[in-house]
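Report on the structure given below.
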Amino acid sequence: MKKLVYSLFITVFSVSVLAEAHEVKMLNAGKEGMMVFEPAVLTVKKGDTVKFVATDLAHNSSSVEGMIPNGAQAWVGAMSQDIEVTLTQEGVYVYQCTPHNMMAMVGVIKVETNANLADIKSKAESYKKTFLMNQDRLDNYLSEI
């Protein structure tokens, strides 16, 4: 019994040690223009944490409804506040800055696989209709996955 408990502890501890933390800045201006996340496209491993940093004020990070893997936990960060999200489901996640959605302040995270990419791309067509600027930004990010 001790061996089983010890093995379980080592397994859980090993997984948490192997998980990485990533940082995404929420910016008024960056390498790709106005109202951006940097980096805007990220590839991570299952169990990794992404910290969205409110580098500039008046931004948040929020997963886009229907544009995350099935079974994944949605998130909505508070305005001008950092938020940490641990990604436990494999697949493609699309997120946005809610008040700057019309400027296509969006980002994409791939967790190990892009198995849901076709579904995300089909949903992106109607989602992009909410953009008043940077109409091709999401398509460009998805093409990097």
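The values are calculated or read from the model by the stated rules, or taken from the named source; none is laboratory data. Since the structure is predicted, the reported quantities are computational estimates derived from the model, not experimental observations. Every residue, glycine as well, gets a Cβ built from its backbone with ideal geometry; the counts of neighbours run over all protein chains shown.
So, in the range 15-27, of the ones that are over 18 Å from the mean Cα position of the chain (by Cα) and surrounded by 10 or more Cβ atoms within 10 Å (Cβ to Cβ), which residue ends up modelled with the lowest pLDDT?
The qualifying residue modelled with the lowest pLDDT is 15.
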> What is the number of the single condition among (1) without any contact (Cβ under 8 Å) to a residue 24 or more places away in the chain; (2) aromatic (Phe, Trp, Tyr); (3) buried (at least 20 other Cβ atoms within 10 Å of the Cβ) that residue 75 does not meet?
Replying inline: (3)
> Any idea which residue in the range 43-55 is nearest to the chain's Cα centre (by Cα), counting only those that are within 19 Å of residue 98 (Cβ to Cβ) and hydrophobic (A, V, I, L, M, F, W, C)?
Replying inline: 50
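Within the range 28-41, how many residues turn out to be buried (at least 20 other Cβ atoms within 10 Å of the Cβ) and either at pLDDT below 95 or within 27 Å of residue 88 (Cβ to Cβ) (or both)?
Adding up the residues that qualify gives 3.
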>> Just the residues that are at pLDDT 95 or above and surrounded by fewer than 19 Cβ atoms within 10 Å (Cβ to Cβ), please, taken from the range 136-145.
In response: 136, 139, 140, 143, 144
> What's the number of the condition residue 59 fails, among (1) of a type outside the set (Ser, Thr, Tyr); (2) out of contact with any strand residue (DSSP E or B) (no Cβ under 7 Å at 6 or more places or on another chain); (3) surrounded by 13 or more Cβ atoms within 10 Å (Cβ to Cβ); (4) under 25 Å from residue 21 (Cβ atoms)?
Replying inline: (2)
>> Give me the residue from the range 91-145 that is over 18 Å from residue 39 (Cβ atoms), assigned to a helix (DSSP H, G or I) and among the small types (Gly, Ala, Ser) and, out of that set, nearest to the chain's Cα centre (by Cα).
In response: 124
> Conditions: (1) part of a loop (DSSP other than H, G, I, E, B); (2) touching an Asp or Glu at 6+ places or on another chain (Cβ under 8 Å); (3) of a type in the set (S, T, N, Q). Residue 81 meets all but one. Number of the miss?
Replying inline: (2)
>> Going residue by residue through the range 78-94, is there one that turns out to be surrounded by fewer than 20 Cβ atoms within 10 Å (Cβ to Cβ), out of contact with any Ser or Thr (no Cβ under 8 Å at 6 or more places or on another chain) and either in contact (Cβ under 8 Å) with a residue 60 or more places away in the chain or under 14 Å from residue 134 (Cβ atoms) (or both)?
In response: no
